[in-house]
Amino acid sequence: MSLDTDAREFGQHFKQGGWRLGLLVARNVQPHKGQGKPRPQVDEGVIATADDKPTKVSGTEFATQSGVSKQCIAYYYKAWQLAADDGKCPHAETWTPEAQEQYMDRMLRAVLPNLTDEQLMAGGLSEDEVREVRDKMRDESN
């Protein structure tokens, strides 16, 4: 990864707070996936092709790969689903790992105006960041 990529990703997480993290979980996690089934053997000599479709993983697998607890992943998944139940965003089942960044950005622009300042702060934004988001949305609509 390059400095530009890392800096851009940091800015997205900082500005979008918990909503962006929730979106990453919603795109990639299917709760209880694979429970009770043995893990398939991975052939490390096989190179993935463009035909290989990414699939969702269990919350435990996503937690392991991201270096956080499975409880943290479960919290973000449940929070996302509750927001979807309130009509704030699409349910996690509608997302796929290959969803395009541009689509995610458009969706977040559609979701943010529907959220109260309190919900944005509960998602991880400070009061100053909420003001900045509201100002930016106002500028973009003009």
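The values are calculated or read from the model by the stated rules, or taken from the named source; none is laboratory data. The model shown is predicted, which means the values in this text are computed figures rather than measured ones. In this analysis, Cβ positions are derived from the backbone assuming ideal geometry, glycine residues included, and neighbour counts consider all displayed protein chains.
Filtering the range 122-136 to residues that are in a helix (DSSP H, G or I) and modelled with pLDDT under 75 leaves only 122. When you look at residue 140, is it loosely packed, with under 15 Cβ neighbours inside 10 Å, at pLDDT 80 or above and assigned to a helix (DSSP H, G or I), yes or no? So residue 140 fails the test.
With the checklist (1) at pLDDT 80 or above; (2) not in a helix (DSSP H, G or I) in hand, flag the one item residue 99 doesn't pass. Tallying (1) at pLDDT 80 or above; (2) not in a helix (DSSP H, G or I), residue 99 fails exactly one: (1). Scanning the range 107-114 finds one or more residues that are at pLDDT 75 or above, within 20 Å of residue 84 (Cβ to Cβ) and part of a helix (DSSP H, G or I).
Taking first residues from the range 79-99 that are polar (S, T, N, Q) and partners that are assigned to a helix (DSSP H, G or I), the Cβ contacts under 8 Å between residues at least 6 apart in sequence or on separate chains come to 81/92; 96/27.
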